[in-house]
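Each value in this text was obtained by applying a stated rule to the coordinates, not by laboratory testing. These numbers were taken from a predicted model, which means no experiment stands behind them. Glycine gets a Cβ as well: all are built from the backbone with ideal geometry, and neighbour counts include every protein chain shown.
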Amino acid sequence: MAATGEFDIIREYFAAAPAAEGVVLGIGDDCALLQPPAGALLATSVDTLVAGRHFPEQADAAKVASRALRVNLSDLAAMGAEPLWFTLALTLPSADRKWLQGFSRGLLETAREYGIALVGGDTTAGPLSITIQVTGHTTKPLRRDGARAGDSVYVSGPLGAASAALPLVLRKRKVDAELQQAAEAAFYWPEPQLTLCRAIAPLATAAIDISDGLLADLGHICRASGVCAEVDVDALPVAALARELAGESARELAATGGDDYQLCFCVAEADVPALEQLHSGATCIGRLVDAAGEPQVMAYRRGRRWSPQQTGYQHF
Ligand SMILES: Nc1ncnc2c1ncn2[C@@H]1O[C@H](COP(=O)(O)OP(=O)(O)O)[C@@H](O)[C@H]1O
Ligand SMILES: Cc1ncc(C[n+]2csc(CCOP(=O)(O)OP(=O)(O)O)c2C)c(N)n1
Ligand SMILES: [Mg+2]
């Protein structure tokens, strides 16, 4: 039996979200009432995931829910913020009970894992899309505009897995069950770098999460900070899964493919030894230099300037 209407869906699948810190009033009224931690800045961000654009139309509901929350948590990590609350705007083609059960399970399990509470949302009929707005708190924000010439540029972990996995996730390429599972894990369960962001917050001058592609996203730091970046593409940590799936193209995917949600961050020269002491798993991939002309990313392969056709995903 299908759930009947908008309010049944909310009550049955979302209203049972557990009580959480700072939630004076949660789901059910015109607004949620929230009490921010004393003295903290609130960090807020919203991202939409559209079926066919951000995930396959026929994707498993629990996996899509988890990915939708994880990519939003990634923005909190990139800002140096701790998760507090989120809202969910869900547009559904139909009130499919099985889909909704999977979706709410995946969403609420992920929310519990990362300590973030669902406090409200909106439910409408239409083409499948998922919008999540997250709020966190921080006393040491990691902005995009704090990087300076001379800083070293780091990435938090291996790149290229999610974009190499996309053809498998889209079922455009058939592989054995184990490889299919690894591909789906890379795509649907990116790890928001919240632990790393806590460790690097005292040292990083700027940070961004890699959603569109490393070279494109680092470009945002360059423009915000008024610097150029020199990136040694040969130094990028390429994910083993990307190598297995994409062979020779894996390094290009690591540089320009999105969807991995690792962090890219910068550290002043004087703080590099302290950063290295953290043994955080981050890899130095280049450095920042004065922007003689326009702030931009300059990529190098085998010591020579390298300009890929696309530096990252573009919607339009
Ligand atoms: N439609 C919009 N209205 C207002 N601000 C927007 C809109 N779309 C994007 N932004 C803002 O532009 C900046 C870049 O957006 P985006 O590339 O989506 O960031 P991210 O990769 O962190 O999700 C962010 O500060 C975001 O809040
Ligand atoms: C079905 C499908 N096709 C293609 C992609 C690749 N892709 C779509 S959007 C995107 C970039 C990230 O999405 P965006 O909406 O730009 O997120 P934001 O930068 O705002 O966090 C990528 C790599 C995908 N994830 N799923
Ligand atoms: Mg966005």
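Tabulated results
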{"item": "Degrees between helix 177-188 axis and first principal axis of the chain (Cα, 0 to 90, nearest 10)", "result": "90 degrees"}
{"item": "FRET efficiency, D96 to D47 (Cβ-Cβ, R0 25 Å, nearest 0.05)", "result": "0.60"}
{"item": "Antiparallel DSSP beta bridges within the chain, as percent of all bridges there, nearest 5", "result": "75 percent"}
{"item": "Cβ-based net charge around E12, under 15 Å, with every Lys or Arg adding one and every Asp or Glu removing one", "result": "+1"}
{"item": "Relative contact order of the stretch 230-316, pairs being alpha-carbon contacts under 8 Å that are 6 or more residues apart, as %", "result": "49 percent"}
{"item": "Estimated translational D of the chain in µm²/s (Stokes, Kirkwood radius over Cα pairs; 37 °C; 0.692 mPa s)", "result": "161 µm²/s"}
{"item": "Cα-based reach from K174 at 28 Å (exclusive), listing lysines while leaving out same-chain residues under 8 positions away", "result": "K63, K98"}
{"item": "Fewest-first sequence of M79, M298 by Cβ atoms within 10 Å of each Cβ", "result": "M298, M79"}
{"item": "Amide H contacts under 5 Å for G257, placed H, 5+ residues apart", "result": "L214"}
{"item": "Folded to 0 to 90 degrees: helix 97-114 orientation relative to the chain principal axis, Cα", "result": "50 degrees"}
{"item": "Per-pair calculated FRET efficiency, R0 = 25 Å: S249 and K174 via Cβ, rounded to 0.05", "result": "0.85"}
{"item": "Highest average packing first - 253-264, 208-219, 36-47, Cβ atoms within 10 Å", "result": "253-264, 208-219, 36-47"}
{"item": "Three principal axis lengths of the stretch 6-138 [C-alpha, angstrom, descending]", "result": "43, 30, 22"}
{"item": "Peptides ranked, highest mean first, by Cβ atoms within 10 Å: ranges 92-100, 164-172, 23-31, 127-135", "result": "127-135, 164-172, 92-100, 23-31"}
